[in-house]
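One structure is given below, encoded as structure tokens.
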Amino acid sequence: MQQVLAKYLPERAVQPLFQLIENHAIHLKIVNERKTRHGDYRQMGQVHQITINANLNKYRFLITLVHEIAHLVAFQKYGRFIKPHGKEWKHTFQQLMLPLLNPSIFPSRLLPLLARHFKNPTASSDTDAVLSVALKEYDPTSDKNYIFEIPMGSTFRIPNGKIFKKGKKRVKRYECLEMESGKVYIFQPNAQVELIKV
């Protein structure tokens, strides 16, 4: 298991994460990319299974794995009827992440963003646009653009093939017109899209 983790995690995080997996008897599965989630936790009878997408960079993989372990630990400590991303989970996630937030594991430029995020962690690090963009810098290069980077009025395609025109910015997110239906959708600034050049 340690050799497998070494492929996906920063070197200094392998041992502490291996220990967490062992201590909680977790069955870890590394799976093909899922568009809707980075990872998930399920209890199936006596088995605690966590699945994590294989395509994540090592820092996002680490955060996602600890996120899912926090579900298991919070359910064991507080019971099965807590909110999945409620205060008990947030507190557990903070406690599990705290020893890992150091420069021997994360690049120093990520640490202040992680410290800010973990004051009140969200259900997905993707909803923290600043952290999400910083984490994506460690992904392999891509031909995709962020919504916030493309000019207003630009046309773009999302992974399901739908085409949109970028509209005005609300407080943080962008209104975008779906070309086929004429409906307006709201996009996070860090959504990655394919710019259609005219």
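The values are calculated or read from the model by the stated rules, or taken from the named source; none is laboratory data. It should be emphasised that the depicted structure is a prediction, and the values quoted were computed from it without experimental measurement. Glycine also receives a Cβ, built like all others from the backbone with ideal geometry; neighbour counts cover every protein chain displayed.
Okay, here's what the table says:
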item	result
Matching residues, region 66-120, being among the basic types (Lys, Arg) and closer than 16 Å to Leu131 by Cβ	Lys90, Arg109, Arg116, Lys119
Residue count for region 78-88, restricted to those that are part of a helix (DSSP H, G or I) and out of contact with any helix residue (DSSP H, G or I) (no Cβ under 7 Å at 6 or more places or on another chain)	1
Subset of region 124-151 [in contact with a helix residue (DSSP H, G or I) (Cβ under 9 Å, 6 or more places away or on another chain) and not in a helix (DSSP H, G or I)]	Ser124, Asp128, Tyr138, Asp139, Ser142, Tyr146
Some residue of region 115-124 being farther than 17 Å from Ala191 by Cβ, β-branched (Val, Ile, Thr) and free of Cβ contacts under 8 Å to residues at least 60 places away in the same chain	no
Condition met for Gln94 (surrounded by fewer than 20 Cβ atoms within 10 Å (Cβ to Cβ), at pLDDT 95 or above, in a strand (DSSP E or B) and not hydroxyl-bearing (Ser, Thr, Tyr))	no
Single residue of Glu68, Glu11 found to be modelled with pLDDT of 95 or more, acidic (Asp, Glu) and buried (at least 18 other Cβ atoms within 10 Å of the Cβ)	Glu68
Elements of type strands (runs of 3 or more DSSP E) contained in region 18-67, each with 2 or more residues being among the aliphatic types (A, V, I, L, M), outside the structural domain of Arg80 (by TED's automatic domain parsing) and under 18 Å from Lys90 (Cα atoms)	none
Which numbered condition Lys7 fails, given (1) farther than 15 Å from Ala123 by Cα; (2) in contact (Cβ under 8 Å) with a residue 12 or more places away in the chain	(2)
Hits in region 158-178 (condition: under 20 Å from the mean Cα position of the chain (by Cα) and either part of a strand (DSSP E or B) or surrounded by 14 or more Cβ atoms within 10 Å (Cβ to Cβ) (or both))	Ile158, Arg173
Selection from region 181-198 of residues that are modelled with pLDDT of 90 or more, over 22 Å from the mean Cα position of the chain (by Cα) and assigned to a loop (DSSP other than H, G, I, E, B)	Ser181, Gly182, Lys183
From the options Leu111, Leu131, residue that is closer than 17 Å to Asn57 by Cα and in contact (Cβ under 8 Å) with a residue 12 or more places away in the chain	Leu131
